Amino acid sequence: MPFKRPEYLPPGHLSVRPQQLYSMHRWLVIFCNLLFWLSWASHLPAQNQPDSLQPLQLREISVRAQRETIQRLPSVQGAYLWSGIKNEVIQMQNLDANIAEKTPRQIFAKVPGVFVYDMDGAGNQTNISTRGLDPHRGWEFNIRANGFITNSDMYGYPASHFSLPLEAVGRIELVRGTGALQYGAQFGGMLNYVLKEPDTTKILGFETVNSIGSYGLLSAFNAIGGKTGRLQYYAFYSKRISDGYRENSTSDYDGQGAVLKFTLSPRLALNAQLLRSNYVYQIPGPLTDAMFDADPRQSTRSRNYFNPEIYVPSLSADWQAGARTRLQLIWSAVGGERRSVMFDRAANIPDTINANTLAFNTRQVDIDHFNSQTAELRVLQEFAFLNLPANLAAGVQYMHNDLHRRQQGLGSTGTDFDLSVSDAGWGRDLHLKSQNLAFYVKTAIKATKRFSVSPGARFETGSSTMTGTTTYYDPEKLPATIKHQFPLLGVNANFDVNGRQQIYAGWAQAYRPVIFKDIIPATIYERTDRGIRDAFGYNLEAGWRGARNGLKWDLSVFRLQYNNRVGSVALEENGVFYILRTNIGHSVTHGLEWFTEYGFRLAGKVHGNLFTSTALFDARYQDAFIRIGNENRSIDGNKVESVPAWISRNGLNLRYNGFSVSVLYSYTGQTFADPLNTQAPSPTGAIGMVPAYGLLDVNLSCRLFGHMILRFNINNVAGKDYFTKRPAFYPGSGIWPSDGRSIQATVQMNL
C-alpha cells in the first residue's frame with residue numbers, strides 16, 4: 001500500500017519557536033544519560049565477596065591479533081558476487097572517530113578518494129562522493145541500510161534524506177562503480193550501512209552510547225537486542241541536539257529502528273525491519289567571501305528551516321533452496337517528506353524588516369512527499385565449470401515511485417518553523433511517477449585455480465511521467481514523459497598471485513536518469529534546458545592489493561567516463577543572477593587511488609599502525625559548452641567543479657592494553673565552483689575558487705571493566721577556517737563554512 005500521511009493542520013499549528021526546537025527534548029536526553037549511569041553503577045564489581053566463593057586460578061593465555069578497521073568483501077556474499085571489484089568494508093567497532101556527529105573524513109579516512117562536502121557539522125547528513133562525482137547527499141551512490149534502498153526516489157530525487165545514527169551501525173560497505181550491475185545503475189557505486197547484530201547468547205542485551213560536546217552537543221543512543229527461541233531482534237532509539245557551530249544553526253534529531261529475524265528452519269529465515277529518521281535543522285544561510293573572512297560563524301538567515309522525516313520499512317525472505325541454490329525475496333519502501341521554509345535569496349541580500357509592512361518578507365515553503373517501493377528477487381546458483389567451482393547471480397528488480405512535489409508556497413512572515421501556506425496555494429504542484437523494471441545476470445567463473453572472470457549484464461526499462469500544475473512556467477516547455485531504456489554491460493577479473501595478493505580489473509557501464517530537479521527549477525534563480533538528456537557512461541579500473549609482513553596495500557587506477565553530464569552553471573545576465581541546469585557535455589576523470597597501512601609493535605605491549613589514503617584526480621570536460629544568451633562558449637578541457645587534484649588522509653594509531661590514540665591529518669586540494677573555472681569570487685560568493693585546506697584530528701579511547709568504552713575527540717585541532725564547496729542550489733548559493741575546533745566526549749557501555 002502506498003505511504004500516506006495526514007493532511008496538514010491549519011496554519012500556525014506546526015509553528016515551533018527556535019528556542020523550543022533546541023530545548024524541548026533536552027530533558028529526554030538528560031534522562032537517557034541518567035539511565036546510563038544507573039545501569040553502569042549496577043554493574044560495578046562488588047567490593048566484598050562472600051567467604052564461600054573461592055577464586056578459581058586459571059592458566060594465563062595470550063591472544064594477539066592486528067586490529068582491522070578496513071577489510072574487503074568476500075567473493076560471494078548472500079546473493080552477490082564481488083570477485084574482481086574494488087570495495088572497502090569499514091568496521092565501526094574498531095574505529096576511533098567522532099561517531100555522534102558522523103564526521104565523514106574520520107569515518108572514511110582509510111577509503112582513498114572520498115570527497116567530503118561539509119555544510120552541516122551536526123551529523124544530520126553525510127555528503128560524500130568518490131571519483132569526482134557530486135557529493136550532495138551522496139546521490140551518485142545506491143545507498144542502502146541492511147541491504148535495503150534508502151535513496152528517496154531513484155528517478156525523481158536520488159538523494160538519501162534518511163539519516164541513520166552511526167552508533168547503530170556495525171560496518172559500512174562501499175563498492176565502487178564497476179559493481180553496479182547487481183544493485184543499480186549508479187556511477188558512484190553502492191554504499192551499504194549494515195546494522196549491528198544482537199548478542200544471540202542473551203535474551204536481552206542493552207547498549208547505551210552518550211556524548212556531549214562543543215556548541216551544545218548532547219547525544220543519547222540506546223539499543224536492546226537478543227534472541228529468544230527462533231526470534232532474533234535488535235531495536236534502537238537515538239536523540240541528538242546541538243546549537244551548531246554557526247549562529248542560527250540549531251539541530252534537533254531523533255531516529256528509531258527495529259529489526260526482527262525469525263528462523264523457520266535452518267534453510268529459511270524471514271526478516272522485518274522498520275527504520276525512521278527525523279530532524280529539524282535551522283539553516284544559517286550562505287556567506288560572501290568578505291563575510292567569511294570577517295567571521296565564518298556569522299549567519300545571514302535566522303528564519304530558514306529544513307525538516308526531512310523518512311520511514312524505511314522492509315520485508316525479506318532468505319531461502320537456501322538446495323545445496324547450491326539460494327533465493328532472496330525483498331520488498332522495501334521509502335516514505336515520508338522533505339520540508340523546508342526559507343527566505344531564499346543570494347548571500348548579499350539581507351533578510352530584514354520590510355519598511356512598507358513593518359514585518360519580515362514572506363518565506364517560501366517547499367514540501368516533497370516520497371512514496372518509493374522496490375521489489376527484488378535474487379538467485380545465487382553454484383555450479384561447476386571445467387571441474388572448477390563457479391557462481392551465477394541473477395535477479396529482477398521492480399521500482400514504483402511517486403514523488404509529489406509542492407513548491408513555492410507563500411509562507412508566513414514569522415521566525416518560527418512554520419509550514420503554513422497562504423490561500424494562494426502552491427506555485428508548483430506536481431507528481432513525477434516512475435516505473436522501472438530491471439533484469440541482471442552476473443557469473444563468476446574460474447578459468448584456472450588462480451584466475452577468475454566475472455561477466456555481467458543489466459537491462460533497465462521504464463519511464464517517468466509528470467503531471468500537475470505550475471503557476472508561471474509554460475507547461476509546453478516541460479517534458480511530460482521521459483523514457484529510460486538502457487542495456488548495461490560489464491566484466492571483472494581477478495588473479496590470485498599467492499593467496500595474499502590479488503590483481504583485479506573491471507569495466508561496467510552506468511547511467512543517471514534525468515531527475516525532477518533537472519526538469520523543474522527548484523528556485524527562482526534556476527532555469528531548465530528542455531532538451532536535457534539522461535547521463536550515460538562507464539567505470540574502468542585496475543588494481544593490485546595484498547598484505548605482507550605487516551604491510552597492507554591497495555593501489556588502483558581508474559577512468560570514469562560521464563557523457564551527457566547534467567550540471568549547474570552560475571551566470572549573470574543583464575544584472576540578474578541565475579543557475580542554468582543543462583547537459584553541458586561530457587567529462588572524463590582519470591585517477592589513482594592508493595591505500596597503504598603498516599602495522600608494527602613497539603617495546604612492551606604497545607601496538608600501532610601508520611597509514612596513508614591518497615587519491616589523485618584529473619577531471620576535465622570533453623566536447624562541452626555552455627550557452628550564454630545566443631552564444632555557445634566552449635569549456636572543453638576545463639576542470640570539473642568540486643574535484644580537487646588530490647585528497648590525502650594520513651594517520652597514526654597507537655594502542656596499549658585497552659587505551660588507544662589516533663592522529664589524522666586530512667588534506668583536500670583547491671577546486672573550482674563552476675565549469676568556467678572562475679578564480680575571482682563573485683559578489684554573492686557563489687562563484688570562485690574553493691581554497692585547499694588541511695585539518696588535524698585527534699581521537700582517544702579507553703576500554704574499562706570489559707564492557708565500557710570512553711572516547712575523547714578533538715576535531716580540527718588548529719581551528720582552521722575553511723569551506724568545502726560553493727553550492728549552486730540548496731541550501732543556498734554562496735559559502736557554507738565548515739566547523740572549526742570542537743571537542744566531544746563519549747561513554748559507551750554494553751550489558
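The values are calculated or read from the model by the stated rules, or taken from the named source; none is laboratory data. Worth saying up front: this structure is predicted, and the values here are computed from it rather than measured. All Cβ positions, even for glycine, are placed from backbone atoms using ideal geometry, and neighbour counts span all protein chains on display.
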Fill in: Residues being assigned to a strand (DSSP E or B), buried (at least 16 other Cβ atoms within 10 Å of the Cβ) and either modelled with pLDDT under 95 or of a type outside the set (A, V, I, L, M, F, W, C) (or both) - total across region 543-577
17
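Looking only at region 337-361, which residues are in a loop (DSSP other than H, G, I, E, B) and surrounded by fewer than 17 Cβ atoms within 10 Å (Cβ to Cβ)?
So the first thing to find is which residues in region 337-361 are in a loop (DSSP other than H, G, I, E, B), and the list is 343-352, 355-358, 361.
Once the filter is applied, which keeps residues that are in a loop (DSSP other than H, G, I, E, B) and surrounded by fewer than 17 Cβ atoms within 10 Å (Cβ to Cβ), region 337-361 yields ILE349, PRO350, THR352, ALA355, ASN356, THR357, LEU358, ASN361.
Determine whether GLY113 is within 19 Å of GLU641 (Cβ to Cβ), more than 13 Å from the chain's Cα centre (by Cα) and buried (at least 24 other Cβ atoms within 10 Å of the Cβ). Talk me through it step by step, then tell me what you get.
Numbers: within 19 Å of GLU641 (Cβ to Cβ): yes; more than 13 Å from the chain's Cα centre (by Cα): yes; buried (at least 24 other Cβ atoms within 10 Å of the Cβ): yes.
The answer is yes for GLY113.
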Fill in: Leading residue by the ranking (farthest from ALA122 (Cα to Cα)) among those in region 151-186 that are in a loop (DSSP other than H, G, I, E, B) and in contact with a Lys or Arg (Cβ under 6 Å, 6 or more places away or on another chain)
ARG176
Worksheet entry | Sole residue being assigned to a strand (DSSP E or B), over 17 Å from GLY244 (Cα atoms) and not charged (D, E, K, R), chosen from ILE714, ILE709 | ILE709
Worksheet item: Has region 720-735 got any residue that is part of a strand (DSSP E or B) and surrounded by fewer than 16 Cβ atoms within 10 Å (Cβ to Cβ)?
Response: no
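Test ARG601 against the stated conditions and say whether it is in contact with a strand residue (DSSP E or B) (Cβ under 6 Å, 6 or more places away or on another chain), exposed (fewer than 14 other Cβ atoms within 10 Å of the Cβ) and at pLDDT below 95.
Numbers: in contact with a strand residue (DSSP E or B) (Cβ under 6 Å, 6 or more places away or on another chain): yes; exposed (fewer than 14 other Cβ atoms within 10 Å of the Cβ): yes; at pLDDT below 95: yes.
Answer is yes for this residue.
Restricting to region 523-542, count the residues that are in a strand (DSSP E or B) and at pLDDT below 75.
Going residue by residue through region 523-542, those that are in a strand (DSSP E or B) are 526-528, 535-542.
Restricting the remaining residues to those that are at pLDDT below 75 gives 526-528.
Of the residues in that region, 3 qualify.
Here is a yes/no grid of residues against (1) aromatic (Phe, Trp, Tyr); (2) free of Cβ contacts under 8 Å to residues at least 60 places away in the same chain; (3) more than 26 Å from ARG458 (Cα to Cα); (4) touching a helix residue (DSSP H, G or I) at 6+ places or on another chain (Cβ under 8 Å):
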| position | (1), (2), (3), (4) |
| --- | --- |
| ASN356 | no, yes, yes, no |
| GLU376 | no, yes, no, no |
| LEU392 | no, yes, no, no |
| PHE439 | yes, yes, no, no |
Worksheet entry | Hits in region 402-438 - residues which are crowded, with 20+ Cβ neighbours inside 10 Å and closer than 25 Å to GLY147 by Cα | LEU403, SER434, ASN436, ALA438
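Could you grab me the full set of residues in region 158-175 that are under 14 Å from the mean Cα position of the chain (by Cα) and not small (Gly, Ala, Ser)?
So the first thing to find is which residues in region 158-175 are under 14 Å from the mean Cα position of the chain (by Cα), and the list is 158-166, 169, 171-175.
Result: PRO158, HIS161, PHE162, LEU164, PRO165, LEU166, VAL169, ARG171, ILE172, GLU173, LEU174, VAL175.
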Item to complete: Write out, first by first residue and then by second, each pair whose Cβ atoms fall under 6 Å of each other, whose residues are 6+ apart or on separate chains, and whose first residue, in region 485-509, is part of a strand (DSSP E or B) while the second is among the acidic types (Asp, Glu).
Response: PHE486/GLU460; GLN502/ASP496; GLY506/GLU541
Worksheet entry | Unmet criterion (only one of (1) in a loop (DSSP other than H, G, I, E, B); (2) farther than 30 Å from THR684 by Cβ; (3) aliphatic (A, V, I, L, M)) for VAL379 | (1)
Worksheet item: Applying the selection to region 131-150, what residues are out of contact with any Asp or Glu (no Cβ under 8 Å at 6 or more places or on another chain), assigned to a loop (DSSP other than H, G, I, E, B) and under 21 Å from PHE115 (Cβ atoms)?
Response: ARG131, GLY132, PRO135, TRP139, THR150
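Out of all the residues in region 656-673, is one or more of a type outside the set (Ser, Thr, Tyr) and on the phi > 0 side of the Ramachandran plot?
Step one: list which residues in region 656-673 are of a type outside the set (Ser, Thr, Tyr), which gives 657-659, 661, 663-664, 669-670, 672-673.
Still in the list and also on the phi > 0 side of the Ramachandran plot: 657.
Yes, there is a match, as at least one residue in region 656-673 is of a type outside the set (Ser, Thr, Tyr) and on the phi > 0 side of the Ramachandran plot.
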Discussion item. Restricting to region 169-224, give me the number of residues that are modelled with pLDDT under 95, of a type outside the set (A, V, I, L, M), surrounded by 22 or more Cβ atoms within 10 Å (Cβ to Cβ) and under 23 Å from VAL312 (Cα atoms).
Written reply: 6
Worksheet entry | Residues of region 285-320 satisfying the condition of being assigned to a helix (DSSP H, G or I) and either free of Cβ contacts under 8 Å to residues at least 40 places away in the same chain or of a type outside the set (D, E, K, R) (or both) | ALA290, MET291, PHE292, ASP293, ALA294
Worksheet item: So MET399 clears everything in (1) within 30 Å of GLY84 (Cα to Cα); (2) surrounded by fewer than 20 Cβ atoms within 10 Å (Cβ to Cβ) except one condition, right? Which one?
Response: (2)
Worksheet item: Of all residues in region 226-235, which are surrounded by fewer than 22 Cβ atoms within 10 Å (Cβ to Cβ) and touching a strand residue (DSSP E or B) at 6+ places or on another chain (Cβ under 7 Å)?
Response: GLY226, ARG230, LEU231, GLN232, TYR233, ALA235
Item to complete: Would you tally the residues in region 211-265 being more than 30 Å from THR200 (Cβ to Cβ) and either among the β-branched types (Val, Ile, Thr) or touching an Asp or Glu at 6+ places or on another chain (Cβ under 6 Å) (or both)?
Response: 6
Worksheet item: Among (1) in a loop (DSSP other than H, G, I, E, B); (2) over 22 Å from the mean Cα position of the chain (by Cα); (3) among the aromatic types (Phe, Trp, Tyr), which single condition is TYR245 missing?
Response: (2)
Fill in: Subset of region 76-130 [under 17 Å from GLU167 (Cβ atoms), of a type in the set (A, V, I, L, M) and not in a loop (DSSP other than H, G, I, E, B)]
ILE90, MET92, ILE107
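Take the residues of region 328-365 that are in contact with a Leu (Cβ under 8 Å, 6 or more places away or on another chain) and of a type in the set (Ser, Thr, Tyr): which is modelled with the highest pLDDT? Before the answer, list the steps.
First, pick out the residues of region 328-365 that are in contact with a Leu (Cβ under 8 Å, 6 or more places away or on another chain): 328-332, 339, 341, 347, 362, 364-365.
Then drop every residue that is not of a type in the set (Ser, Thr, Tyr), which leaves 332, 362.
Numbers: SER332: 97, THR362: 94.
Out of the qualifying residues, it is SER332.
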Discussion item. When you check ALA718 against the structure, is it more than 19 Å from ASN657 (Cα to Cα), hydrophobic (A, V, I, L, M, F, W, C) and out of contact with any strand residue (DSSP E or B) (no Cβ under 7 Å at 6 or more places or on another chain), yes or no?
Written reply: no
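Is there a residue being among the basic types (Lys, Arg), crowded, with 20+ Cβ neighbours inside 10 Å and without any contact (Cβ under 8 Å) to a residue 60 or more places away in the chain anywhere in region 647-656? Break it down stepwise before answering.
Kept after step one, since they are among the basic types (Lys, Arg), are these residues of region 647-656: 649, 655.
Now restrict to residues that are crowded, with 20+ Cβ neighbours inside 10 Å: 649.
Cutting the leftovers down to without any contact (Cβ under 8 Å) to a residue 60 or more places away in the chain gives us none.
No - not one qualifying residue is present in region 647-656.
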